[in-house]
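K.L.:
Next up is a structure, given as structure tokens.
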Amino acid sequence: TNLKVIGVIPSAHQLRQQYLIKVFEAHIERLKDMLRDVKSVAVVCKEATDAEDRYVFNVLVVPCLKENDHVIFPNEKYKLRAFLLDCIILPSTNFKTVSEAVLNTLYKFEIPLSKISAFVTDNAAYM
């Protein structure tokens, strides 16, 4: 569509194929930068089943902030925020698949194991 005042407006297909990918990649980079700047993180893992009885494994991180860390969250004072890093469909839930999913996610977001201050799970046997 072409409007005289605005110019060409991209189609929904073009938005999905080109712009959404760029926005997502920029968001991932911003998240990596934020996680690189914090002193430590708490990793939170939760497994559930979806409507089709598939095993869905969620990996979240909570940056551990000090009260004066306003660089990361400039308008907030000492709030804990969880960020969903990955949502993975697992073929089964056991120690191998869960630990691989966690390690792959940490690697993907460039979080060294030495930066993990806590690991929170629902205390399932395979965690």
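K.L.:
Place a +1 charge on the Cβ of each Lys and Arg in the stretch 18-65 and a -1 charge on the Cβ of each Asp and Glu, then give the dipole magnitude about the Cα centre in debye, rounded to the nearest 20.
P.N.:
Roughly 280 debye, rounded to the nearest 20.
K.L.:
Check which residues have an amide H placed less than 5 Å from Val120's amide H, if you skip close sequence neighbours.
P.N.:
For Val120, the qualifying residues are Val43, Val44, Cys45.
Here, each number is a calculation from the coordinates, and none is a lab measurement. As the structure is a prediction and not an experimental result, all values here were calculated from the model. In this analysis, Cβ positions are derived from the backbone assuming ideal geometry, glycine residues included, and neighbour counts consider all displayed protein chains.
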